[in-house]
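Data block below; observations after.
The values are calculated or read from the model by the stated rules, or taken from the named source; none is laboratory data. Here the structure is a predicted model, which means the values were calculated and not measured. For neighbour counting, all protein chains shown are included, and Cβ atoms are generated from backbone atoms with ideal geometry for every residue, glycine included.
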């Protein structure tokens, strides 16, 4: 009997080893070996596609925010498309040219440079200023109350946003049929399309869908603020004013933020509280950039712009839709004493009908800036899933 048990145990061990080897073989050959060898000539991609699942901390889940699943093969394809300069008219610009990972997927100039060294018309929004795009951006994922894309909220989905950037004469300056041709001409795309779609047929919709999967996986939720906010029990703004892991200055800045800024930008750095607003940068609407006004044709939207959340704000200078402020110090000074009486100035920034004066002390200003630095997410800056896959 003992011999039988020993034999069975040995047989079981052999079967387990065989199963493990079979799994290893399966995983290794996720891509056809010839296809993977082709990919390796151009791209640094793992032999098994990365998992693009976003795992929100407690405070964001308690607020009812949940990232949507993305299809990893399409996200991998979207990553390559996002970084590919061959998709621009002069072959010098990619989506990542204006959205640099080390800068929170923003840029460090007021106006980014597009094809033929043309200047963009607005400051590039840092893509990791959001906790996750799929959780509350895009009407295709989140319905009519979803946050929209661009400073003027004109694009309802990530697909619309990507097409607008690809075809903008100041950015990549392509027609979508030219984008399709450019993709077809690059040998590394065929294996990626086969995995994402079952064949290597390239269409404009497939290009946009893949970029959307990559963008919708983006976000930032591993900052020092998130680590502390996740420890809070219950859900009320009063719970987010004193964190054990913050120093005295950071907590003072947190309290100033919650009292004066959170009603627009979100107390938990989740979904922003407003779609758009005028923050009183100017007393009149600039005739060359009326913001959301021309998109909605609503008079109250004239001179208003997207209200972003402030994640990774310390990485994404210069600030505002026109990049007019070079530092956080300038931004805080503006809100302290510089708000102007625009006709559509938001009520949160009015006091008895006049522009509000917060009149921060120097200590208040430094505390608020110290708090804003706790929103930096070093993981998002270094995450290889979102890094440039091209070999240099």
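Scanning region 245-278 for residues that are outside any helix (DSSP H, G or I) and within 16 Å of residue 375 (Cα to Cα) turns up 245, 246, 247, 261, 266, 267, 268, 269, 270, 271, 272.
Of the helices (runs of 4 or more DSSP H) lying entirely inside region 35-126, not one is found with 3 or more residues being buried (at least 16 other Cβ atoms within 10 Å of the Cβ) and not assigned by TED's automatic domain parsing to the domain that holds residue 181. Condition first: farther than 30 Å from residue 278 by Cα and not assigned by TED's automatic domain parsing to the domain that holds residue 290. Can you find one or more residues in region 138-150 that meet it? No, because not a single residue in region 138-150 is farther than 30 Å from residue 278 by Cα and not assigned by TED's automatic domain parsing to the domain that holds residue 290. Residues in region 319-333 that are more than 17 Å from residue 376 (Cβ to Cβ) and touching a residue at least 12 places away in the same chain (Cβ under 8 Å) were compared, and the one that is farthest from the chain's Cα centre (by Cα) is 333. Does residue 241 meet the test of being within 18 Å of residue 367 (Cβ to Cβ) and either in contact with a strand residue (DSSP E or B) (Cβ under 7 Å, 6 or more places away or on another chain) or assigned to a loop (DSSP other than H, G, I, E, B) (or both)? Yes; evaluated as a whole, the condition is true for this residue. Could we say that residue 281 is within 25 Å of the chain's Cα centre (by Cα), assigned to a loop (DSSP other than H, G, I, E, B), surrounded by fewer than 19 Cβ atoms within 10 Å (Cβ to Cβ) and touching a residue at least 40 places away in the same chain (Cβ under 8 Å) here? No: the conditions fail for residue 281.
The set of residues from region 359-375 being part of a loop (DSSP other than H, G, I, E, B) and surrounded by fewer than 20 Cβ atoms within 10 Å (Cβ to Cβ) comprises 359, 360, 361. Only residues that are touching a residue at least 24 places away in the same chain (Cβ under 8 Å) and exposed (fewer than 15 other Cβ atoms within 10 Å of the Cβ) were counted across region 349-358, and they come to 0. Counting only helices (runs of 4 or more DSSP H) that sit wholly inside region 151-234, those with at least 1 residues that are crowded, with 19+ Cβ neighbours inside 10 Å and either within 17 Å of the chain's Cα centre (by Cα) or not assigned by TED's automatic domain parsing to the domain that holds residue 139 (or both) are 158-167, 204-216, 224-229. State yes or no: is residue 296 at pLDDT 95 or above, surrounded by 17 or more Cβ atoms within 10 Å (Cβ to Cβ), closer than 17 Å to residue 264 by Cα and not assigned by TED's automatic domain parsing to the domain that holds residue 110? No; evaluated as a whole, the condition is false for this residue.
Would you be able to tell me the number of residues in region 317-348 that are touching a helix residue (DSSP H, G or I) at 6+ places or on another chain (Cβ under 6 Å) and either within 23 Å of residue 267 (Cβ to Cβ) or surrounded by fewer than 17 Cβ atoms within 10 Å (Cβ to Cβ) (or both)? Matching residues across region 317-348 total 5.
Any residue at all in region 133-140 that's part of a loop (DSSP other than H, G, I, E, B) and surrounded by 17 or more Cβ atoms within 10 Å (Cβ to Cβ)? Yes, there is a match, as at least one residue in region 133-140 is part of a loop (DSSP other than H, G, I, E, B) and surrounded by 17 or more Cβ atoms within 10 Å (Cβ to Cβ).
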